[in-house]
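Single-structure report; data block below.
No lab work stands behind these numbers, since they all come straight from the coordinates. Computed from a predicted structure; not experimentally measured. Neighbour counts run over all protein chains shown; Cβ positions are idealised from the backbone, glycine included.
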2 protein chains.
Amino acid sequence: MTSAPGSPGDVLTLISAGFATTRSDLARLTGLARSTIAQRVDALIERGLVEETESGESTGGRPPRQLRLHTEQHAFAGVDLGATHCRITLMDMSGEVLASCEDQLLIGDGPETVLAHVDGRLDRLLTEAGRPRAALRAIGMGVPGPVEYATGRPNNPPIMPGWNDYPIPEYFDGAAVLVDNDVNVMALGEQRNAFADTHHLLFVKVGTGIGCGIVAEGRLHRGAQGSAGDIGHIRVNGHDDAGCRCGNSACLEAVAGGAAVARRLTELGIAAETGADVVALVQAGNTQALRLVREAGRLIGEVLASLVNFFNPEVIVIGGALSRVHEHLLAGIRETVYRRSLPLATHHLSIVPSRMGINAAALGAGMLAIEHYLSPENVNRIVNA
Amino acid sequence: MTSAPGSPGDVLTLISAGFATTRSDLARLTGLARSTIAQRVDALIERGLVEETESGESTGGRPPRQLRLHTEQHAFAGVDLGATHCRITLMDMSGEVLASCEDQLLIGDGPETVLAHVDGRLDRLLTEAGRPRAALRAIGMGVPGPVEYATGRPNNPPIMPGWNDYPIPEYFDGAAVLVDNDVNVMALGEQRNAFADTHHLLFVKVGTGIGCGIVAEGRLHRGAQGSAGDIGHIRVNGHDDAGCRCGNSACLEAVAGGAAVARRLTELGIAAETGADVVALVQAGNTQALRLVREAGRLIGEVLASLVNFFNPEVIVIGGALSRVHEHLLAGIRETVYRRSLPLATHHLSIVPSRMGINAAALGAGMLAIEHYLSPENVNRIVNA
DNA sequence: CGGGGTTTGTTCGATTATCGACAGAAGTCA
DNA sequence: TGACTTCTGTCGATAATCGAACAAACCCCG
């Protein structure tokens, strides 16, 4: 909205963001004449982007006709690809979930296999939601590795054999495809759905590894090479003996990731292999597991304390497999962050468990798709077409 | 430029950014008709924002008339307030320096005294540059403490007694006043003047304390409370004995700041009090001082290694008093960062000494002022007035 | 129940902004 | 020198926007 805050795209942005629900609102917010707004809205309605609902309540005069996104015609998909799973959520333009599915799927099977599976599931979900394939406008996708966002190509992903430089968007016809790192879309999912008026947010995923998605000024920060948020290999104090798969030692995820906690439990004679095992042990009341999770929280907290000073977020959301036992993890994190960060930065800082849970990634990927489609540039293109 | 990339403000942005130097360029870049562009340019010329210079070189036909910012009519000031100094640079609209000055001045004397000094110096510099006071459009100011940028009020600054919550902008009439933390304006000064096509940059100031300015997507990142970049109190490994003025121990600036290095030299029997003393010793070839500076670089490098993984910058600029002996400081920093950060993040990372040196802050503050004045919104306001 | 006041939606001529074609200006090139 | 190219300014045609006027829908109140 640099200069002419009244193009059809800007009008739609005001509606979709909830700033305006009536033509009067739009006229007031944009400064345009009512007649102009009416024409803009008509165009948006004609293109199937906006619909009128029943009249709103009067404020003393004729009640305004409410406007909102037309949610019947279009569909958007959020795809969450993990190492061993695939979750897809089909959404309407307002972000409401129409249908979703979840499958075990090995990302290591390679792009053709995995994307064929996704494509099939998309068809099934669309049928389930009663919308034709052509209604699918955009697909957002989170993948477990670094991605060059502009092109949608994975960038030397360590756990995605066969995917390096694979042009994912080209696999799908007729829909825009946005591909990003899974932690980024999780961050977006939390921010957009649960922390809408938080503009600076960190999402920390504690699973087998540890990663972080960064929302700055309401937008994802991807960094110069798209590798921002890779906090799993930040060094932590006094653990030089812990070797990491990256070749260094004392990496955060080598001492506080799910796999690392499991290994330590095993060393104590308690069988555990994965983060899920650790969660199960904690839930069963195993005190050693509980202690180690809390200790992992402290280590993560040390790193986060640095990042709080540096980045000054309002909210840190903790997600990932280990966050299922978040009371203990959070206790350790909070303890350290509030001790080690500066008061000015921590005064208004909340550290909270994930609210979207297992759905964060698919929802965030879907938001990526919807926001791409509803961007003023794209809307203007649609309206002028 | 969301929708109508052709308002006078957008046109001026294209000119000031150097993307367009002729009417033809503007027509091509904005997609507007040449006649429309001509009218826009006329308006900008009439308002004294743009001027025509001698014809450019022909590309086979009539040579285009070159356009550029009109630099005669306006003036902008960049003010760098430190604990014990005040530097002011008067600039024209293109960022060219018209005049500058430097004085010893104690920030602790309080806002009235200090700002009166600044005001007087502004008058003198304007006279020197041959411009009336009314030509001064905007003032950018960097101060040594946290600031609420939106209001220009210092926020509990530790070394600015009497300044807390003081409304600095209200002191100056007739000019917009933008106040920010000194490290932020230094970062901006480096990025705009020396690293124009670097969109993600960190500026690290190593002086008595240690701070960091963050440029993300070409804009300053200030964080939720405006305290982003406060890396001086990040904990470093194995120095729990080093107490910091903040109350914690093992803070980066308590072990690697100029004061800390000086103290260690004193402990070794070599008299040193400030960062300047350390610099002098290094320049005199004192090997202990040299060793300690390099060691300080390693400690700073440890922190920066984390931040590189997290933020993924393209360039890290090292400035501040200690950077005068930057060979040794940088050697330590580079050594650690390239060892501890991930290859994807370090592959295209440069760690370089400050290019703007002592002028970075005043220049950056001036850029803050100029960019505020040349923002599309403000230019449209001027043109439509 | 039926005016007066208020807010919203619609229509339509007036105004304004933008476009596109044209002509002139100022250079290059053969 | 004349053909060609590129840039600039002019001007009528076209399109977008505005604003006033009116109709519609609701509230309030007598």
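The dipole here belongs to segment B:242-347: it is taken about the Cα centre, uses +1 on the Cβ of Lys and Arg and -1 on the Cβ of Asp and Glu, and is about 140 debye. Over the residues of chain B, the helix contribution to mean residue ellipticity at 222 nm works out to -12500 deg cm²/dmol, using -39500 (n - 2.57) for each DSSP H run of at least 4.
Peptide A:19-30 has a mean of 0 when you count, residue by residue, the C-beta atoms of other protein chains within 10 Å of its C-beta. For B:ALA17 and A:GLN66, a Förster radius of 41 Å and the Cβ-Cβ distance give a FRET efficiency of 0.50, rounded to the nearest 0.05. Listed values for segment A:215-223 are Karplus-derived 3J(HN,Hα) couplings in whole Hz (6.51 cos²θ - 1.76 cosθ + 1.60, θ = phi - 60°), namely 10, 10, 6, x, 10, 5, 9, 9, x, and x replaces Gly and Pro.
Computed from backbone phi, the HN-Hα couplings of segment B:231-247 come to 8, x, 10, 7, 7, 10, 5, x, 9, 5, 7, 7, x, 10, 4, 7, x Hz, rounded to whole numbers (Karplus: 6.51 cos²θ - 1.76 cosθ + 1.60, θ = phi - 60°; Gly and Pro given as x).
What's the FRET efficiency of A:THR59 with A:ALA38 using the Cβ-Cβ distance as r and R₀ = 22 Å, to the nearest 0.05? Calculated transfer efficiency: 0.70. How far apart, in nanometres, would the label points at A:ASP165 and A:ALA129 be if each is projected 7 angstrom from Cα along the Cα-to-Cβ direction? If labels sit at A:ASP165 and A:ALA129, their model points lie 3.5 nm apart. Would you tell me the mean number of C-beta atoms belonging to other protein chains that fall within 10 Å of each C-beta in B:190-201, as a whole number? Across the residues of B:190-201, the mean count of other-chain Cβ atoms within 10 Å is 1.
For the peptide A:214-221, the mean number of other protein chain Cβ atoms found within 10 angstrom of a residue's Cβ is 4. With a simple spin-label model that places each label point 7 Å from the Cα along the Cα-to-Cβ direction, the separation between A:ALA196 and A:ALA271 comes to 4.9 nm.
Under the shape rule built on the C-alpha gyration tensor, where the axes satisfy a ≥ b ≥ c, the protein assembly as shown is oblate, since a/c reaches at least 1.5 while a/b does not exceed b/c.
Helix A:326-340 and the long axis of chain A differ in direction by around 90°, with both axes built from C-alpha atoms. The stretch between B:ASP241 and B:ASN384 holds 45.3 nm of extra length on full extension. This uses 0.36 nm per residue minus the Cα-Cα distance. Peptides A:127-139, B:367-379 ordered by packing proxy, namely the average of other Cβ atoms within 10 Å per residue, highest first: B:367-379, A:127-139. Sorted on the mean count of surrounding Cβ atoms within 10 Å across their residues, most packed first, peptides B:160-170, A:52-62, B:91-101, B:210-220 read B:210-220, B:91-101, B:160-170, A:52-62.
Seen against the Cα atoms of chain B and their longest principal axis, helix B:182-194 is set at about 60 degrees. For a label point 7 angstrom out from the Cα of B:ARG219 toward its Cβ, which stretches of segment B:173-207 have the backbone nitrogen within less than 16 Å? It comes to B:188, B:199-201, nothing else. Distant-in-sequence amide contacts of B:LYS205, defined by a placed amide H-H separation under 5 Å and a gap of 5 or more residues or a different chain, comprise B:GLY211, B:CYS212, B:GLY213, B:GLY319. Most simply put, chain A has about 60% antiparallel DSSP beta bridges, counting only bridges with both residues inside it.
Placing pseudo-labels 7 Å out from each Cα toward the beta carbon at B:GLN283 and B:GLU335 gives an inter-label distance of 2.4 nm. Taking amide H positions as modeled 1.01 Å from N, with prolines and chain starts lacking one, the residues under 5 Å from A:LEU178 and 5 or more places away or on another chain are A:ILE139, A:GLY140, A:MET141. Given +1 at the Cβ of Lys and Arg, -1 at the Cβ of Asp and Glu and no other charges, the dipole of the protein assembly as shown around its Cα centre is 60 debye to the nearest 20. Relative to the longest principal axis of the Cα atoms of chain B, helix B:360-373 runs at roughly 30 degrees.
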